[in-house]
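Chemist: Below is the structure I would like to discuss, written out as C-alpha cells.
FYI, it's all coordinate maths here, none of it is from the lab. Values in this document were obtained by computation on a predicted structure and should not be read as measured data. Virtual Cβ from ideal backbone geometry, glycine too; neighbours counted across all protein chains shown.
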Amino acid sequence: MEKLSVAADLEHSLSGVYARGISRKGAMRGAFLAVPETETQDSIESSLTYALLWLERARQSRKKGPVSFLRLILPAGKSALLAHQLASLDSRLAVQVCELNSLNEQVEPVDPRADGNVSSWLVAHRECELLLDRAKRDLAPIVALAPEAICAHPVPHQEEVALRFLGSTAHTGNAGCKPWSCATSA
C-alpha cells in the first residue's frame, strides 16, 4: 500500500466518506476506493462516481508510475447495482468491483455478469414457520398493541423476522438478538 486517505479533498470533489488509496502489486499500481459497511444505499450507489474521480486524480499524479486499474470495494451483498452499471463504462477503464466480508476480512471480486436482473431463492415453508415460532413469544406484546396493523414477516435468507406496520417494514430482528429471539433455545 502506497497511499491511504479518508480526508475530504473538496478541490478534486473527493468525499471523506470513503477510504481511498493506491496499492502496488509488483510493477502494477492501482487505485482503490472502499465504502464503509455502515453507509446508506445512496452512498453506495454514489461510490462509483467518487471512485472514478479518485482514479482520475490518481492518474494525474504519476509520481511513482502509472495507475492501471481501479478497485471499488463494497460491503458484502451490496454490489449488484454497481456491477450492472459497469457495463456502461468504457472497458478500457479496468474497473473491478469487490465485496468485503467483514467477518473473515476477505475481499472477493464480483463478476458483473454473474448476477442476472432478478434475484430469487426458494425457502421451505417450515423454515418460515420455525422463524415465526421462535420469535412469537417476544413479538406477541408488540403485535398486541395493534393486531390489525402490525404483523410479523419471516425473512429466512437473513434468519430474521421483520415487523410490518400497515404493510411497511418497521423493524427487523436478527436471529438470536432481542427483542425477537429467533435462535434455537436449549
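Chemist: Among Tyr50, Tyr18, what is the fewest-to-most ranking by other Cβ atoms within 10 Å?
Modeler: Working: Tyr50 19, Tyr18 24.
Starting with the residue having the fewest Cβ neighbours, the order is Tyr50, Tyr18.
Chemist: Glu127 to Thr38: FRET efficiency via 1/(1 + (r/R0)^6), r the Cβ-Cβ distance, R0 30 Å, to the nearest 0.05?
Modeler: Values: r = 29 Å, r/R0 = 0.97.
Result of the calculation: an efficiency of 0.55.
Chemist: What's the exposure ranking of Leu131, Leu72, Leu82, going from fewest to most Cβ atoms within 10 Å? Write down the numbers at each step before the final one.
Modeler: Values: Leu131 24, Leu72 28, Leu82 21.
Exposure proxy ranking, most exposed first: Leu82, Leu131, Leu72.
Chemist: Between His153 and Gln60, how high is the FRET efficiency from 1/(1 + (r/R0)^6) when r is the Cβ-Cβ distance and R₀ = 41 Å? Nearest 0.05. If you can, show how the numbers build up before the last one.
Modeler: On the way: r = 50 Å, r/R0 = 1.22.
My answer for the efficiency is 0.25.
Chemist: Grab the beta carbon distance between Ala87 and Lys25, set R0 = 41 Å, and tell me the FRET efficiency rounded to 0.05.
Modeler: Efficiency at R0 = 41 Å is approximately 0.95.
Chemist: Going by average Cβ neighbours within 10 Å, how do the peptides 96-106, 139-149 rank, with the highest at the top? Intermediate results must be reported in sequence, preceding the final value.
Modeler: Details: 96-106: 13.7, 139-149: 11.5.
Ranking the peptides 96-106, 139-149 by packing returns 96-106, 139-149.
Chemist: State the dimensionless ratio Rg/Rh of region 51-90 (Rg: radius of gyration of Cα atoms; Rh: Kirkwood radius). Let's see the in-between values first.
Modeler: Values: Rg = 12.5 Å, Rh = 11.8 Å.
With Rh from the inverse mean 1/r over Cα pairs, Rg/Rh is 1.06.
Chemist: Still on this model: What is the gain in length, in nm to one decimal, between Asp138 and Ser102 on full extension, counting 0.36 nm per residue of separation less the C-alpha to C-alpha distance?
Modeler: Details: separation 36, 0.36 × 36 = 12.96 nm, distance 2.91 nm.
This chain segment gains 10.0 nm when fully extended.
Chemist: Still on this structure: How large is log10 of I(q)/I(0) for region 15-59 at q = 0.14, 0.29, 0.33 Å⁻¹ when the intensity is taken from the Debye formula with one equal scatterer per alpha-carbon?
Modeler: Debye curve over Cα of region 15-59, log10 I(q)/I(0) at q = 0.14, 0.29, 0.33 Å⁻¹: -0.34, -1.04, -1.21.
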